[in-house]
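Values quoted throughout were computed directly from the atomic coordinates according to the rules given, and no laboratory measurement underlies them. The shown structure was predicted, so the numbers you read here are calculated from the model rather than taken from an experiment. FYI the Cβ positions are ideal-geometry reconstructions off the backbone, even for glycines, and counts take in every protein chain you see.
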Amino acid sequence: MAALKMARKPKQNPSFFKVLIGDFVNKLRIPPAFVKNFQGNVPTNFTLKSNSGSSWRVTVQNTEGSYFFCGGWSNFVEDQGLDSGDFVVFYLVGKSSFDCVIYGPTGCGKKIVLKTKRKRGRPKKSNEVTPSEAGASSFQKATRVSPGCRITRAPARRVINVGQQIVVVSEAISKHPSFTVVLKKYQKFSVVVPSSFAREAGLAEKRSTVIKDPKGRMWPLGISVGSRQVRLSAGWTKFRLENRLVAGDTLLFQYIRGTGNAIHVQIVGKAGYGNSGR
């Protein structure tokens, strides 16, 4: 059975991602290329569902043709404990709701601990949505896989094209170790693997491994182990070129035990849809 299963009735869910930098606390810009999905009819309100199991209503502001999450966004940021350098993927569900997957600066799924909890009997905030109103969240609680890396679960997805955008493929980040990389120009010949992932996958004890691309093709790669880091090296250039990867593309690496110990790679986002890859 394939390690990355497709949903029986997969839905085409457009998505975009943002690396939180600058003045992200009060507002967040929706990528112009993503706005085209609404065909000129952008909702004035959205519901954001996080992997913590809660939901928030946010308003959208149009400023000189650019659309921003504004009213209610700062509450989402505070309650989710978002910090500069965090990475958020937004999956559009329906016409006015987003499922949000949050990563820390390490590229690993971020464990969310709500900073504000409503006491029993206290009226809910205007921007807070109960599960009965928004629908049960499809996210599950974070699972610890190593001291520095927590992995979350998200809904099933499949690869779709939205303009030039490539969206997440699989059933999500599950109990398996994973990390994300926004490719830089200097990563043409190799890519560094986070130490927590390298430990989980046992890469430091290997001289080579195999990665599986979104099309199911297998690629043997050499492993270079240094005093402070582990790299995927020999074979990386061919993998990158054959999959047409460029600086700014975002990849999700996932290690799934019991499937030949291959590292599964998915294309989360393409250059120009949230990151420049400089």
Please report the relative contact order for segment 178-269, taking Cα pairs under 8 Å with a sequence separation of at least 6, and give it as a percent rounded to a whole number. 36
What whole number of Å gives the distance from the Cα centroid of segment 222-253 to the Cα centroid of segment 20-98? 31
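Using the 10 angstrom Cβ neighbour count as an exposure proxy, how do GLU78, GLU200, GLU205 rank, fewest first?
With the sparsest Cβ surroundings first, the list reads GLU205, GLU78, GLU200.
Taking 0.36 nm per residue of sequence separation and subtracting the Cα-Cα distance, how much length would be gained by fully extending the chain between LYS215 and VAL42, in nm to one decimal?
Going from the current span to full extension adds 58.9 nm.
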When only alpha-carbon atoms are used, what values of Rg and Dmax, in angstrom, describe segment 178-269? 12.0, 34
